[in-house]
Each structure stands twice: as structure tokens, then as C-alpha cells.
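Just so it is clear, none of the values below were taken in a lab; they were calculated from the coordinates. From a predicted model like this one, the values you see are computed outputs, not experimental measurements. Please note: Cβ atoms are built from the backbone with ideal geometry, for glycine as well, and neighbour counts cover all protein chains shown.
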């Protein structure tokens with residue numbers, strides 16, 4: 001699958017105000033500064049689509065983008081606020097957490113959640129806790145390891161294996177995962193092909 005057009009649609013603080021749930025929807029989330037916007041731009045081959053920033057916490061709303069594939073199928077891509085916020089007030093943190101939880105648990109057409117993990121680091125508590133919470137919510141998700149180009153040879157593999165091993169302490173089977181780089185475009189085709197398969201199985205509500 002290839003994306004032929006991508007454009008920003010709307011931003012909301014409440015899942016009830018999101019676009020009509022009449023097509024497949026894929027949301028991207030991760031800790032602050034995991035490279036989420038860069039990955040979205042790489043997937044869509046549009047470096048100006050999602051706003052990137054060196055400052056954590058830039059994304060504060062549910063940001064919808066309308067995507068059209070080469071088979072003319074339309075679907076939504078959603079850029080979610082990060083978790084593990086760096087410098088925000090307790091009230092802002094709780095508001096974001098509630099907004100994210102409501103969206104993940106109540107958005108009817110959410111087909112898959114892509115959880116981004118920074119491949120430069122060993123397993124982080126915030127990532128593992130978030131994924132375990134998704135299990136309790138029975139949310140369909142996959143893991144996307146980012147920034148593989150910034151590692152020394154072998155470091156990505158070691159960190160990915162360590163993370164998957166940490167997950168299997170609480171999961172019988174690890175979820176699907178992809179290794180990506182917004183710079184080299186590693187993983188782009190695999191991710192798009194995965195979305196294409198899910199698009200085919202989507203049933204309109």
C-alpha cells in the first residue's frame with residue numbers, strides 16, 4: 001500500500017467531537033519525545049503533516065488526519081498526546097490522561113493503536129505500565145520501536161529483545177512489533193502493509 005494524499009483534518013479535546021467513525025482509524029501514542037510526529041510524517045511521506053518539536057508535550061489534543069491510499073480507500077490517522085509528561089502541572093496531566101483513556105476505550109472505529117517505544121533505551125517503566133493497561137482495556141495494539149538509526153550496531157536489537165522479554169513477564173505472548181527510523185524510513189513498508197490488511201477487515205459501523 002502507498003499513501004497518495006494526507007491532510008490535517010481537526011483537533012479535539014473530547015472523543016465525542018471527533019469525526020464521524022465511518023472508516024478505519026489508527027492512533028499513534030508514546031512517551032514524550034519518542035519521535036511520534038516524525039514517524040507519522042515519514043509514513044505519509046509528508047514532512048509538514050504533523051508538527052514536530054524538540055520540546056516534550058507539544059501535542060495536547062486528539063489530532064485527526066485524513067489519509068487516502070492508492071486503492072482510493074480513506075482512513076484516519078490520529079496523533080495522540082504523549083504519556084510520561086515532563087513539565088506539566090498535575091491538573092494538566094490528569095486532564096490529558098482522561099482524554100486519552102476516553103478516546104482509546106470509547107472511540108468505536110479505533111482499529112489499532114500504535115505504541116511507540118524509543119529503541120535507544122532499555123525497557124522503561126512508563127512504557128510497560130501503559131501497555132499493561134491496554135491489556136486490561138482489551139485494546140488492539142502493536143509496538144513500534146523508533147529511532148533505530150540513532151543506535152550503535154546491535155544496540156537496537158538488544159533493546160528490542162530486552163523490551164519484549166520484559167513484556168513476556170506479564171503477557172503470555174508479545175504483541176506484533178516493528179522497528180522503524182524516520183530518517184532511513186526503515187519499517188515504513190511493513191507498517192503500511194500491516195495497515196492495509198487491517199483496512200480490508202474493517203466493518204463500517
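Okay, here's what the table says:
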| quantity | calculated |
| --- | --- |
| Helical mean residue ellipticity (222 nm; -39500 (n - 2.57) per DSSP H run of 4+; nearest 500) of the chain | -10000 deg cm²/dmol |
| Diffusion constant of the range 106-205 at 4 °C, which comes from Stokes-Einstein with the Kirkwood Cα-pair radius and 1.567 mPa s, µm²/s | 89 |
| Inter-centroid distance (Cα atoms) of the range 154-205 relative to the range 28-48, Å | 15 |
| Zero-based 5 Å bins, Cα pair distances in the range 1-56, whole percents | 4, 15, 22, 26, 22, 10, 2 |
| Label-point separation, residue 92 to residue 17 (7 Å along Cα→Cβ), nm | 1.8 |
